[in-house]
Amino acid sequence: MNIIEARAILFSSIEGGSTFWAREIDALGPVEVVAKLRGRGYDPIKYEKLISRVVATQPSSVIAAIGASGSEFITPEDAAWPNQLNDLSALPIGLVVRGSVDALHIPSLAIVGTRNPTNYGVRVAGDFAAGFADREWAIVSGGAYGIDAAAHRGALVAEGVTISVLAAGIDVNYPAGHARLFAEIAETGALITEVMPGVRAIPSRFLTRNRLIAALSKSTLVVEAAFRSGSLRTARDAAELMRPVMAIPGPITSPTSEGCHRLIGERAAEVVTSVADAVEFVSTYK
């Protein structure tokens, strides 16, 4: 068994975002981790289901399923791997990518926010995405309704590159209303996920994928977010990775801006009010 085959087995068996398994794979190597799981070298009671999956999984079937979805499987050993992800404590075992793998190597800005934005938020997200796309930056977001969609569309309107990090399988259009948007993104940019084709989205996967959005990008911009929001998690992930975080201020009476004001008030994010401000702020970081 080679490294890619071992990673394929682990990728299809282990839920993304596990710090423990990331450390095990880093310390022992994927081939040894598979061998240890199959040899019952880990607690056979605690890891009973995982061991059963690893024993039953054939790497050829994993790679074939990914290929059948019109995607490719990349791993940290590949030249195509985006090295900025290596800053994560829970490094992905691999990624499923549809579209341009080269898009993952373009300097990028993450734009995130609420699924229920105001017209103001939609306009700002689109304008900032277009402004950075004009400067040959890629725009990274999560493909959800609201601010995510506005950011993706802003980049596309500017004929730029955008990347959507999915919480479901690459062939699962979630949300269903974005099937056409995802197809447009894949034409010049990329769709990526760390779950197998056919896997449905569950709440925990949105949180684990947020770390990928933060890590792929040189900076994160929060446009509109509620006081408690997954977008704030992305901002926290970015800050932990020493990536600069920016936030758009809104009306003090707007619930959709409470999260942004919280970040600003805690000095966890820089206030920006124009694309020029954002570009200048990000350029001060190496």
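We did not get these values from a lab; they are worked out from the coordinates using the rules stated. These numbers were taken from a predicted model, which means no experiment stands behind them. Quick reminder, even Gly has a Cβ in these numbers, built from the backbone with ideal geometry, and neighbours come from all protein chains shown.
Taking label positions 7 Å along the Cα-Cβ direction at both GLU159 and ARG23, the computed distance is 5.0 nm, reported to one decimal. Rounded to the nearest Hz, the phi-derived 3J(HN,Hα) couplings of region 220-225 under the Karplus curve 6.51 cos²θ - 1.76 cosθ + 1.60 (θ = phi - 60°) are 10, 10, 9, 8, 9, 7, where x marks glycine and proline.
Could you work out the longest stretch of the chain that avoids the GluC sites (Glu not before Pro) located in DSSP loops with at most 10 other Cβ atoms within 10 Å? Counting at most 10 other Cβ atoms within 10 Å as exposed, the longest clean stretch of the chain is 1-135.
Once the Cβ-Cβ distance of ASN119 and GLU77 is raised to the sixth power relative to R0 = 45 Å, the FRET efficiency obtained is 0.45. Between SER52 and HIS105, the simple spin-label model (points 7 angstrom out along Cα→Cβ) gives 4.3 nm.
Taking only the alpha carbons of the chain, we obtain Rg and Dmax values of 19.0, 59 Å in that order. Normalised size of region 3-99, defined as Cα radius of gyration per 2.2 N^0.38 Å with N residues, equals 1.05.
Helical runs assigned H by DSSP (4 residues or longer) give the chain a calculated mean residue ellipticity at 222 nm of -13500 deg cm²/dmol, each run adding -39500 (n - 2.57) before division by the residue total. What is the calculated FRET efficiency for GLU240 to VAL271, with r their C-beta to C-beta distance and R₀ = 25 Å, to the nearest 0.05? So the FRET efficiency works out to roughly 0.75. Put a dot 7 Å past the Cα of ASP134, heading toward its Cβ, do the same for PHE227, and the two dots end up 3.7 nm apart. Taking only the alpha-carbon positions of region 63-128 and ignoring solvent, what does the Debye formula give for the base-10 log of I(q)/I(0) at q = 0.12, 0.15, 0.16 Å⁻¹? So the normalised log intensities work out to -0.49, -0.69, -0.75.
Our summary gives region 3-99 a relative contact order of 40 percent, counting only alpha carbon pairs under 8 angstrom and 6 or more residues apart. Look at HIS105, HIS261 and count the other Cβ atoms within 10 Å of each Cβ; fewest to most, that gives HIS105, HIS261. Note on region 10-59: Cα-Cα pairs beyond 16 Å make up 32% of the total pair count. The eigenvalues of the Cα gyration tensor, multiplied by 5 and square-rooted, give region 146-218 an equivalent ellipsoid with semi-axes of 19, 14, 11 Å from largest to smallest.
Fully extending the segment from TYR42 to ALA179 would add 45.2 nm, taking 0.36 nm per residue of separation and subtracting the current Cα-Cα distance. Plainly put, region 180-268 has a radius of gyration that is 1.02 times its Kirkwood radius, both from alpha-carbon atoms, as the Rg/Rh ratio.
Dipole magnitude for the chain: computed about the Cα centre from +1 point charges on Lys and Arg Cβ and -1 point charges on Asp and Glu Cβ, it is near 820 debye. Per-residue extension of 0.36 nm, minus the Cα-Cα distance of ALA64 and ASP87, leaves a gain of 5.3 nm for this segment.
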